Amino acid sequence: MSEKSTKDLKNVNKIIGSIGAIFGIIVFIAYIPQIISNIQGVKSQPWQPLVASVSCSIWVLYGLTKQPKKDILLVIPNLFGVVLGFITFITSL
């Protein structure tokens with residue numbers, strides 16, 4: 001594979017990763033209306049956001065320990081999942 005082809009693939013990979021990170025953040029921002037409802041007294045089941053938060057924690061650790069370079073495109077959306085998933089869990093109790 002030529003150097004140009006490798007560079008092109010890396011650029012495509014970065015674009016796809018960025019789009020995936022944006023959608024990953026949007027998925028967890030979708031918890032905000034549920035958090036508001038929970039605070040207003042309309043409680044939901046707590047287990048799905050708790051499991052999502054734990055899963056995201058594992059992905060954050062993976063992304064931060066990835067060698068030779070941290071995977072920030074994996075870490076950022078999963079940090080949103082850790083925080084918003086845990087807040088949703090806590091407010092739904």
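What's the total number of residues in the range 47-65 that are over 11 Å from G85 (Cβ atoms) and among the polar types (S, T, N, Q)?
1
Considering (1) assigned to a loop (DSSP other than H, G, I, E, B); (2) aliphatic (A, V, I, L, M); (3) in contact with a Lys or Arg (Cβ under 9 Å, 6 or more places away or on another chain), say which one M1 fails and leave the rest.
Failing condition for M1: (3).
Of the residues that make up the range 74-87, is at least one under 30 Å from N13 (Cα atoms) and not in a helix (DSSP H, G or I)?
Scanning the range 74-87, I find no residue that is under 30 Å from N13 (Cα atoms) and not in a helix (DSSP H, G or I), so the answer is no.
For the structure I just gave you, tell me whether V54 is assigned to a helix (DSSP H, G or I), of a type in the set (V, I, T) and surrounded by 16 or more Cβ atoms within 10 Å (Cβ to Cβ). If you could, list the steps in order and put the result at the bottom.
On the way: assigned to a helix (DSSP H, G or I): yes; of a type in the set (V, I, T): yes; surrounded by 16 or more Cβ atoms within 10 Å (Cβ to Cβ): no.
No.
Could you check the range 24-46 and list, in sequence order, the residues that are in contact (Cβ under 8 Å) with a residue 40 or more places away in the chain, under 17 Å from V82 (Cα atoms) and not in a loop (DSSP other than H, G, I, E, B)?
G24, I25, V27, F28, I29, Y31, I32, Q34, I35
Among what's in the range 57-89 and is closer than 18 Å to Q34 by Cα and touching a Leu at 6+ places or on another chain (Cβ under 9 Å), pick the residue that is surrounded by the fewest Cβ atoms within 10 Å (Cβ to Cβ).
Selected residue: F86.
Bear in mind that the values in this text are calculations on the coordinates, not laboratory data. All of these numbers come straight from a predicted model, not from anything done at the bench. In this analysis, Cβ positions are derived from the backbone assuming ideal geometry, glycine residues included, and neighbour counts consider all displayed protein chains.
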